[in-house]
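Before any comments, here is the structure.
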Amino acid sequence: MKGGDPVALAQVEGQKPLSHSRKSAKKRDAILRAAIEIINAKSFAQATMTEIAATLDLRDAALYYYFPNKQALVYACHLSSLERFEQILDEADHAGGTGAAKLRRFLENLLHDSARNGPQLYFGDYSYLEKPQRDDLDAWSARLSGLLEQLLNQGMADGSIVRCEAALVVQLLLGMLIWLTKWAPTVEGLTADRLMTAIGAVTLQGLERRI
């Protein structure tokens, strides 16, 4: 059956069927988005596969068609979030400008991406995952933190950002983004632009050097 239907092949080999069609990929993305929203709101421990499936009008079995268990689903959520985070950060960096301009552009684009495609899974505690999975997430997260530090260091070098401890400021920024997923959805009529204005007032105006 080499080269045949992947669902049928998986059934013959005793594995859970996995589809690679465009429709299947779209459904998988919808599952990831629903799972991230529920886990951000309730935590990994309290989120259930049944609840995630129900938000999409699916049965539990539909989720297990894509993910063998909740740990596998949440690991995929983390990977998807880190991929989105890195892409937005890379685009902000390559668009050019000062370090402060790149940082502002990154935050703006991150907020607008979340408004369009749903929030990211920012929780730093993934002790429930297997060690190889935790190691992968640790390494990826550390690399992205390093890229953010480079933006701050560039800003300090070009004079657009005040002198600061870049590594510590990055952790504060990431902490802010984590908590935004908890309290921001409760603000009535909140938009990405309103949220960016608040972030600018609280964070960026303290970092950007006045010319």
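Please treat every number below as a calculation from the coordinates, not as lab data. All figures in this text were calculated on a predicted structure; none of them were measured in a lab. Using ideal geometry, Cβ is built from the backbone for each residue, glycine included, and neighbour counts are taken over all protein chains shown.
Quick one: net charge around residue 27, please, counting Lys, Arg +1 and Asp, Glu -1 for every other residue with C-beta under 12 Å from its C-beta. Can you show the working numbers first?
Working: positive: 22, 23, 26, 28, 33; negative: 29, 57.
Here the charged neighbours net out to +3.
Stretching the chain fully between residue 23 and residue 153 yields a gain of 42.5 nm (0.36 nm per residue, less the alpha carbon separation). Once the Cβ-Cβ distance between residue 191 and residue 48 is put in as r, and R0 is 30 Å, what FRET efficiency do you end up with, to the nearest 0.05? Efficiency, rounded to the nearest 0.05: 0.45.
Fewest first, what order do 162, 169, 202 take by the number of other Cβ atoms within 10 Å?
Values: 162 14, 169 18, 202 10.
Fewest-to-most ranking of 162, 169, 202: 202, 162, 169.
Cβ crowding within 10 Å ranks 194, 84 as 194, 84, fewest other Cβ atoms first. Remark: spin-label model distance residue 86-residue 171 equals 2.3 nm, labels positioned 7 Å along the Cα→Cβ axis.
Residue 101 sits among other residues whose Cβ lies under 10 Å from its own Cβ, and their net charge, with Lys and Arg +1 and Asp and Glu -1, is +1.
Considering region 32-151 at the alpha-carbon level, its Rg and Dmax are found to be 15.8, 50 Å.
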